[in-house]
Structure formats: C-alpha cells, structure tokens
Amino acid sequence: MKPPEIIETPRLSLRRPIAADATAIFEGYAQDPEVTRYLPWQPHKQIHETFEFLDRCVAGWDDSSEFTWVLVRKPDCQLLGMVALRVGQYKADLGYVLARAYWGCGYMPEAVNAVLEWALQSAGVFRVWAVCDVDNTASARVLEKVGMEKEGTLRRWIIHPNISDEPRDSLCYSKTR
C-alpha cells in the first residue's frame, strides 16, 4: 500500500516531509514543551534531533511502515504540523502534532479527516484508530470531530515522558468501515 504523497484539503496541502522542513518544525513546535506535553517524545533541544526525526520519516515511507505528512497552509505555505499513519494488517493507527500558534483554528480536524477518509477507502484497511492521553481533551475533541468513536480507556498504555516516567491511561478512538 502506498498512500498519496500529497493530499489536498480546502485550506491545507499535506505532503511528504523533506529535510528542508527541519527548521520550520524545530522552531514551530518540536522544542515547545506545551506542544510535546502529551507526546511520547521530549522536546528537541538541538536541530539535529529534528533532522534525525525527518530521516525516520523518510525511512517510514521507504519501508511502508509509517506515512507522515507535513501540514502546509495553502495561502502562505506555512508549515503547521504533521499527521502520521501506521498501517498494519486490516487496520491503521494515526497520530498528529500541531504548532501551538495554530491550535483552535480547525486545521488538525481538517488534516486528520483527509488522512482518515483516504485510509478507510483503501483496500484492506477496515479500521483506523488513535489514542490520546486521558487529560488531553483537545486531542480527544479532534478525534470526535472527525467521527471517531470512543471505545474506552487503555489502562497504563503509553509513557508521556514530559508528564511521567510511568505509563499513563489513554483514551482509544476508532472509525471503521
């Protein structure tokens, strides 16, 4: 399965990340402790960490293990965040991150919905799911806005190192066809 390298929405262009995106990612959100609070990685302290992350994004596309798109606002080509899709047998899970300056503008539901709809129309994908920390109400709201249903709480599911060294509970959402 190979997803499209570019997905268009009314306000955004989602495209494969490139090394030249490193500065915008690093300055826009990768070093922001508020943005990374509920993520499974710590804020980047040096830009080389962002370049290493982008190398992993390229490798994910090459081996079809994870497909990551950067969100670019169409009018000014501003990089806003990212959406990732990891495809397994008959299912896929997604994750996302958005620079704090763009929270509350509806960009993430727009981007997630585009990836979700593409995935559910793909042969062999019957379920798309995502998790978010039980305290991350904004992320839960994104999943609800795109029509994903809350399935329950996964106890001690994932470590968010910016909050705790121990696994935290996560809410699980999905949409099926």
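Every read-out reported here was derived from the displayed coordinates using simple, explicitly stated rules and does not represent laboratory data. Worth saying up front: this structure is predicted, and the values here are computed from it rather than measured. We place every Cβ from the backbone using ideal geometry, glycine too, and count neighbours over all the protein chains shown.
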Among (1) 112; (2) 154; (3) 104, only one was calculated for this model; which label is it, if the read-out is volume of the Cα convex hull per residue in Å³? (1)
Positive dipole terminus of the chain, leading residue within Asn162, Tyr107, Ala30 (C-beta point charges): Tyr107
At R0 = 30 Å, how high is the FRET efficiency between Phe126 and Cys77 if r is their beta carbon distance? Nearest 0.05 is fine. 0.25
Using a simple charge model, +1 on the beta-carbon of Lys and Arg, -1 on the beta-carbon of Asp and Glu, nothing else, what dipole does the chain show about its Cα centre, in debye to the nearest 20? 500 debye
Just want to confirm a number: the relative contact order over the chain, from Cα pairs under 8 angstrom separated by 6+ residues, in percent. 20 percent
Using label points projected 7 Å from each Cα along Cα→Cβ, tell me how many nm separate Lys45 and Asp169, to one decimal. 3.3 nm
Could you give me the ³J(HN,Hα) list for the stretch 85-92, computed from phi with Karplus coefficients 6.51, -1.76, 1.60 and θ = phi - 60°, whole Hz, x at Gly and Pro? 10, 10, 9, x, 5, 6, 8, 9
Can you tell me the length gained on complete extension of the stretch Glu117 to Asn162, counting 0.36 nm per residue apart and subtracting the Cα distance? 13.1 nm
1/(1 + (r/R0)^6) with r = Cβ-Cβ of Glu151 and Glu52, R0 = 45 Å, i.e. FRET efficiency to nearest 0.05, evaluates to 0.85
